[in-house]
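Chemist: What follows is a single structure, and I will ask about it in a moment.
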Amino acid sequence: MIRFLLRRLAQSLLLLWLVSVIGFAVLHLAPGGPLAEFTLIPGMTTAQLKLIAHQMGLDRPLPVQYWEWFRRMLVGNWGRSYRDSQPVLDVIASHLGPTLELMVSSTIIAILLGTWVGVLGAIRRYSVFDYLATVGAMIALSIPTFWFGLVVIYIFSVELAWLPAGNLYTIGNGSFVDYAVHLISPSIVLALVTIAIWSRYLRASMLEVVNQDYIRTARAKGMPERTILFRHTIRNALLPMITIAGLQLPTLLSGALVTETVFTWPGMGRLFLDSIGYRDYPVVMGILMFSAVLVLLGNLIADLLYAAADPRIRLD
Amino acid sequence: MTDDARADFGCSPTMIHGDMSRRRLLGATAAVGASGLLLPVAARAASKPPTRPTGHMTIGFSQEPTVFNPLMPHIEVDQGVHWNLFSPLWLANEKGELVPQLAAEVPTIANGGISKDGLSWRVKLRPGVKWHDGQPFSASDVKFSFDLLNNPKFRAWSRGGYELMRDIKVESPTEITWTMAKPYAPMISILCWTFMVPEHILGKAADPNTSPFNQAPVGTGAFMWKQRVPGDHITLEANPHYFGTGPYLQEIVFKYIPDLTVMFTQFQTGAIDYIGLQGITADHYAQAKKLKDRTVVVGPAPFVESIMMNLSKPQFKDQVVREALYYGMDNKTIVEQIYYGLPKLTSSYLPTQSWAYNPHVAPHVYDPAKAKSILDAAGWKPGSGGIREKNGVRLSFQNSTTAGNHVREQAQQLLQQNWQDIGVEMKIKNMPPAVIWGDYFNMSHYDTVMVGEDFMTGPDPDVSQFFLSAAIPAKGGAGQNTMEYTNPVVDKLLQEGASTFDHTTRQKDYWKAAELIRHDLPLLAIFQYATIEGTKKNLMGYAPSVYVSTNTWNVNTWYWAT
Amino acid sequence: MAVAADITPRESPKRRARNRALARFVRHRLALFGLGAIIVLVLLCAVGPYLWPYNDLRIDISHRFAVPFMSAHILGADALGRDLFARLMIAGRVSLTVGFAAMAISTVIGTLVGTVAGYFGGAVGSMLMRFVDAVLCFPSIFLLLALAAFVQPNLFTITLVIAATAWMEVARVVEAQIRSLRERDFALAARVLGASDAHIMFRELLPNAIAPIVVASTLNVARAILLEAYVSFLGYGIQPPTPSWGNMLNNAQEYLATAPWLALLPGLFIILAVTGFNFVGDGLRDALDPRLDIT
């Protein structure tokens, strides 16, 4: 186990380094750059642009720029944002809270509802409920989140005026209730797609398990259906879901991007988008490394849990 | 200043990409000079501003202000905040009149502030002005600001005009003088949005580029810095020691709402009190007008929408081709249908409000038959696929703009069909803002771009940076003549216009230049933008202006009617 | 038990098994409905434009926002007065191609990588899976931006780019399943009987992992159709005036309140295609599943 972890750690560090090299190269070689918007400032001259590029260190050879970035990153200096010249770690930290808040609430909704829909869909296969759940899931997957968001805002905020049309809180009102009310629409909209994904996978997994020998055996032994369902079927059906859950962790960063935009939520997704659009290299690199760590961590945890939950699996 | 840029990376078509966007883009603006610029007289007369700052107001912006040192590279939305934190020496109001701010009076040749040859400047400052931290403002702060702009180690937002300043001298705490290397009339306008920064803070900074001041600015404006929540909003509070009128509001909040459709819903629900940059899209105008308790204003904007051509490409070398393309464009349909008749048709590059706008420039005419006949006459004959060609050059080109701007894309597609009808092929290739407005535009790699541009130099009608042959960046020039337009007569006129302070001479030069450029057609002008913005009905003081890039220039006079 | 029957090289003609699968599939009415929907959509998009009097590109501004069923434009017209039905059919060519091709590519690659990695484990498996992790490390917008920046955008490259961002999830899901399955009795038995690795992987293990693969593919069809519009929206994809269901949906956003059919119709087509595929997938899964027997 320790050997496994050590090996995995070493591999992960190597991967992180590779990701940083590839990410850095791709980002800098892709067309466009952070100076594009300065081009449009009245009276801006090419000489002035060159000077700014020099001051920002953008005129040095790419490997040199990479080495500078890498060296500083190792000691915790991730550079400063080109947009507001704040340290990258501060920038990320300031956007992390809203994203976490949204992710946690929507994940709870999604797992609870998704599990319920998935399990019920499987045990009442081809019932009216199952058809409705299936078609509902397909609709959730086929319509862009942006649309759901807009429709929710139109109905519940513009027409009915029950809920705020987005934003983290009412400026000047920091009460818990205010925060909670603002969280309702975005977390439901964000949860929709996850509910669809989760319930589809779980339903499929349940159907597999239901037909396994041990379930038949349990039933043959006269075990009550409820016990079979809860003790055996659901438990075993949830096993493959560990992998799916591990894959959801990185969406912490990019998954909520559209939801954050439509609900004016100052989270990581928006930050990433804005930073890529601006070619704010230090921030994009920071988020990239941050998300890479999350991906590797999420997948490692999933692998460990999977092995712990299923004795047949060996870690290697 | 340009505008365009709408970018976006989100799934939403109306999302504006924060940083890059400039108004250049948004086709959302509309008719200049159209009705209802100001509130009904009755409403205005009925209420008076409060005696002390009261209430707060939330401003919606579709881009995020991130730069708070006004002398560093910034875009319009940043300037929207700067107007409230800082003060220039003077500013141009919505009527174009210069109003002294930190200066006691605006220098002119008549009052002796500027010497007859335009070289020596003397500016008297308003006494008793204080920085937000209580320190007195003085002439040495002005000198410090100018010096900083010329400091090679400082990332200055512009050096245009400032680099001509010599011998900047503090004569007394309330008087400053300098000389210019050559007479330069637009200087007075450039100073309209040159905000003064405090020497006692930035002068001590080891590196002004990364000073903490840049995120905790101290100015002389009507509002003081309170808080910034990155990615969300900025809060300013009333400056009790402000030297000018107001402020009447206790607190103002600049809220960043990246998507225009979403921003409009927040205007509908009342989450924002004023929908600013980039306002309401033309598609939502009809809906907006019907809202209760809201005032929606179609105001003038300085941006002119046009097709800019890269004259160094073989397709556009022939003036006849450019003229035929212009005849082939159904601009009226673009304005009346796609933009709901809100913007104003134009065939020139200056806003009609400018004193240098030439009303006699030949208007645009949509005449596809004429387009075909002049192309035929010039030897551009239909070749394969019905596309005209001559000497191996096919009349086929790309047109680009910022990807994701749906309204403009509609206009693009209409033009595509218009030109197809006269045997010209246009292919659309839109790009993200960081790509198109980088080298692709700046170094003239494009065939044509569709863009809304403010060609003036601040409030001054000098258009040298766009049309001077020495302003071609691809040829090492300083400026934005990416069309690579050259005309020696225009060069002479523009240079003369910029170096004299005589209004009549300048106007004559600029009128002539407008006619020549209308004939040469390096760009095919379509319309002058209008901003569609709105406020809650009882918010008083809003005054859209073509002389600023963001209409938050006078928030110090805004108040809630009671 | 069917499982046991699977391992022994079967004497009984394979044809019978195939017929049984077909019979099961046909009995699955929903699967047939799904298949029907997809065939109708494909035919409509392939042949429809030749039979329909309106062109998808011709702008006729006087019919701006024509309401469905009120004029010769049966399904109405868009913001430039182009016939919506004509555009929907042409758009379907783009969306169906991207949706199904990207799904197929990502499913095949993901399944292959996942199966091989899960079955062999050890150095091979861990190399493959760490590669999957590495690609996963890049958020998909970043991947899209990177790939799209270096390839000339067209239908083919967009499909590849989208597939490149979608296969990793399939790989991880399949790998976990295979890793668990390979330790089961029937797999061990097959090994003992001397079956080849390829036989065990693809004939014994994979059929048991088909359920999550079907789910993943369904998710990927929907994802690809929407991503296409997204990539184009960013300026890296299909340019105007070419329609796709996704970009028609995006462009309709400003008209949510004034012309909702501009969004409803393309949305409906996407839902139809995705739902149809989902039912076909469910049917296929049931048909191929050695254990399930519907009677």
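Values in this text are rule-based calculations from the coordinates and carry no lab data. Everything numeric here is computed off the predicted structure, so don't read it as measured data. Positions of Cβ are backbone-derived with ideal geometry, glycine not excepted, and every protein chain shown enters the neighbour counts.
Chemist: Where Lys and Arg each count +1 and Asp and Glu each count -1, what net charge lies around C:Val274 among other residues with Cβ under 14 Å from its Cβ?
Modeler: Values: positive: A:Arg200, C:Arg223; negative: C:Glu228, C:Asp282.
Its environment carries a net charge of 0.
Chemist: Using alpha-carbon positions, what is the distance between the centroids of the stretch C:125-171 and the stretch B:513-562, in Å?
Modeler: Measuring centre to centre over Cα atoms gives 45 Å.
Chemist: Enter the per residue convex hull volume of chain A, computed from alpha-carbon coordinates, in Å³ rounded to the nearest integer.
Modeler: On the way: hull volume 59.7 nm³, N = 316.
Enclosed volume per residue, from the Cα hull, is 189 Å³.
Chemist: Set the Förster radius R0 to 25 Å, insert the Cβ-Cβ distance between B:His360 and C:Ser62 as r into 1/(1 + (r/R0)^6), and round the FRET efficiency to 0.05.
Modeler: Details: r = 33 Å, r/R0 = 1.33.
Approximately 0.15, to the nearest 0.05.
Chemist: Where in chain C are the helices, taken as whole DSSP H runs, whose Cα atoms extend 24 angstrom or more along the long axis and whose Kyte-Doolittle mean reaches at least 0.0? Mind showing how you got there, number by number?
Modeler: Values: long enough: C:29-51 (32 Å, 2.19); C:84-120 (52 Å, 1.51); C:210-233 (34 Å, 1.53); C:261-288 (40 Å, 1.36).
For chain C, where a helix must reach 24 Å along its axis and average at least 0.0, the hits are C:29-51, C:84-120, C:210-233, C:261-288.
Chemist: While we're on this one: Less than 14 Å from a label point 7 Å out along the Cα-to-Cβ axis of A:Trp17: which backbone N atoms in the stretch A:72-111 qualify, by residue?
Modeler: A:74
Chemist: Evaluate the relative contact order of chain B (contact order divided by residue number), counting alpha-carbon pairs under 8 angstrom at least 6 apart; express in whole percent. Walk me through the numbers before you get to the answer.
Modeler: Details: 1307 pairs, mean separation 138.1, N = 562.
Relative contact order, chain B: 25 percent.
Chemist: Could I ask something else about it? Quick one: if the Förster radius is 45 Å, what FRET efficiency do A:Arg124 and A:Trp162 give, using the C-beta to C-beta distance and rounding to 0.05? Provide the component values of the computation, followed by the final result.
Modeler: Values: r = 33 Å, r/R0 = 0.73.
The calculated FRET efficiency here is 0.85.
Chemist: Taking 41 Å as R0, compute the FRET efficiency from the Cβ-Cβ separation of B:Asp207 and B:Glu105 and round it to 0.05.
Modeler: Values: r = 36 Å, r/R0 = 0.88.
Plugging the Cβ-Cβ distance into 1/(1 + (r/R0)^6) gives 0.70.
Chemist: Further question: What does the highest-first list of A:45-52, C:130-137, B:200-207 look like by mean Cβ count within 10 Å? Show your work: numbers first, answer last.
Modeler: Numbers: A:45-52: 17.9, C:130-137: 21.4, B:200-207: 13.6.
The most tightly packed comes first, giving C:130-137, A:45-52, B:200-207.
Chemist: Compute the angle between helix A:46-55 and the longest alpha-carbon principal axis of chain A, please, reported from 0 to 90 degrees and rounded to the nearest 10.
Modeler: 60 degrees
Chemist: Considering all projection directions equally, how large on average is the shadow of the alpha-carbon convex hull of chain B, in square nanometres? Intermediate values should be presented prior to the final figure.
Modeler: Values: hull surface 99.9 nm².
Quarter of the Cα hull surface area: 25.0 nm².
Chemist: Would you mind putting A:32-38, B:454-460, B:555-561 in packing order, based on average other-beta-carbon counts within 10 Å, highest first? List each step's numbers first, then the result.
Modeler: Values: A:32-38: 23.4, B:454-460: 25.1, B:555-561: 21.3.
The most tightly packed comes first, giving B:454-460, A:32-38, B:555-561.
Chemist: Can I ask one more? Cα-based Rg (one decimal) and Dmax (whole number) for the stretch A:1-132, in Å?
Modeler: Final numbers for Rg and Dmax: 23.8, 71 Å.
Chemist: How far is helix B:406-421 tilted off the main Cα axis of chain B, in degrees rounded to 10, range 0 to 90?
Modeler: On a 0 to 90 degree scale, this one is about 20.
Chemist: Over the Cα atoms of the protein assembly as shown, Rg to Rh with Kirkwood Rh, two decimal places?
Modeler: With Rh from the inverse mean 1/r over Cα pairs, Rg/Rh is 1.00.
Chemist: Based on alpha-carbon centroids, what's the gap between the stretch A:31-93 and the stretch C:54-92 in Å, whole number please?
Modeler: When both Cα centres are located, 47 Å separates them.
Chemist: Also, I was wondering about something else. Can you spot the lysines whose alpha carbon is less than 20 Å from B:Lys475's alpha carbon? Ignore those fewer than 8 places along the same chain.
Modeler: Reachable lysines: A:Lys50, B:Lys313, B:Lys317, B:Lys492.
Chemist: For the stretch C:159-271, what is one quarter of the convex hull surface built on the Cα atoms, given in nm²?
Modeler: Values: hull surface 36.3 nm².
So the Cα hull casts an average projection of 9.1 nm².
Chemist: Compute the signed sum of charges (Lys and Arg +1, Asp and Glu -1) over the other residues within less than 13 Å, Cβ to Cβ, of B:Met329. Spell out each step's value before the answer.
Modeler: Values: positive: B:Arg322, B:Lys332, B:Lys370; negative: B:Glu305, B:Glu323, B:Asp330, B:Asp367, B:Asp421.
Taking every Cβ under 13 Å from that of B:Met329, the sum is -2.
Chemist: Helix B:139-150 sits at what angle to the longest principal axis of chain B, using alpha carbons and giving 0 to 90 degrees rounded to 10?
Modeler: 30 degrees
Chemist: So which trypsin sites (Lys or Arg not before Pro) in the stretch A:219-316 pass both tests, a DSSP loop state and at most 15 other Cβ atoms within 10 Å of the Cβ?
Modeler: On the way: sites: A:Arg219, A:Lys221, A:Arg226, A:Arg231, A:Arg235, A:Arg270, A:Arg279, A:Arg312, A:Arg314; in loops: A:Lys221, A:Arg279, A:Arg312, A:Arg314.
Those that pass, being in a loop and sparsely packed, are A:Lys221, A:Arg312, A:Arg314.
Chemist: Further, regarding this structure: Over the Cα atoms of the stretch B:72-136, what is the Rg over Rh ratio if Rh follows Kirkwood? Write down the numbers at each step before the final one.
Modeler: Numbers: Rg = 14.3 Å, Rh = 13.8 Å.
Taking Rg over the Kirkwood Rh, I get 1.04.
Chemist: Moving on. If eta is 0.890 mPa s and T is 25 °C, what Stokes-Einstein diffusion coefficient results for the stretch A:62-137, Kirkwood Rh from Cα pairs, in µm²/s?
Modeler: Numbers: Rh = 16.5 Å.
Diffusion coefficient, whole number: 148 µm²/s.
Chemist: Right, something else. Find the percent of Cα-Cα distances in the stretch B:431-481 that exceed 15 Å, and round it to a whole number.
Modeler: Values: 648 of 1275 pairs.
Counting every Cα pair in the stretch B:431-481, those more than 15 Å apart make up 51 percent.
Chemist: For the stretch A:2-74, what D do you get in µm² per second when you plug the Kirkwood radius from alpha-carbon pairs into Stokes-Einstein at 25 °C and 0.890 mPa s?
Modeler: Numbers: Rh = 14.8 Å.
D, rounded to a whole number, is 165 µm²/s.
Chemist: Multiplying the sequence separation of B:Lys427 and B:Glu97 by 0.36 nm and subtracting their Cα-Cα distance, what value in nm do you get? List each step's numbers first, then the result.
Modeler: Working: separation 330, 0.36 × 330 = 118.80 nm, distance 4.43 nm.
114.4 nm is the gain from fully extending B:Lys427 to B:Glu97.
Chemist: Here's a follow-up. Rg (Å, one decimal) plus Dmax (Å, integer) for the alpha carbons of the stretch B:300-529?
Modeler: Looking at the stretch B:300-529, its Cα Rg and Dmax stand at 17.1, 55 Å.
Chemist: Let me check against my output: what whole-number percent is the relative contact order of chain C, with C-alpha pairs under 8 Å and at least 6 apart?
Modeler: Working: 400 pairs, mean separation 80.6, N = 295.
Taking the mean separation of contacting Cα pairs over the length of chain C, I get 27 percent.
Chemist: Which whole-number percent is the relative contact order of the stretch C:49-109 (Cα, under 8 Å, 6+ apart)?
Modeler: On the way: 75 pairs, mean separation 17.4, N = 61.
The normalised contact order for the stretch C:49-109 reaches 29 percent.
Chemist: Normalised by the empirical 2.2 N^0.38 Å for globular proteins, what value does the Cα Rg of chain C take? Could you put the intermediate results ahead of the total?
Modeler: Working: Rg = 22.5 Å, N = 295, 2.2 N^0.38 = 19.1 Å.
With N residues counted in chain C, Rg over 2.2 N^0.38 Å equals 1.18.
Chemist: With label points built 7 Å along Cα→Cβ from the Cα atoms of B:Gln420 and B:Leu516, find their separation and express it in nm.
Modeler: Here the answer is 3.9 nm between the modelled labels.
Chemist: Give me the net charge for the shell around A:Trp265: Cβ to Cβ below 14 angstrom, other residues only, Lys and Arg +1, Asp and Glu -1. Present the calculation step by step, with values, prior to reporting the outcome.
Modeler: Details: positive: A:Arg270, B:Lys255; negative: A:Glu101, A:Glu260, A:Asp274, B:Glu64, B:Asp232, B:Asp259.
In short, -4.
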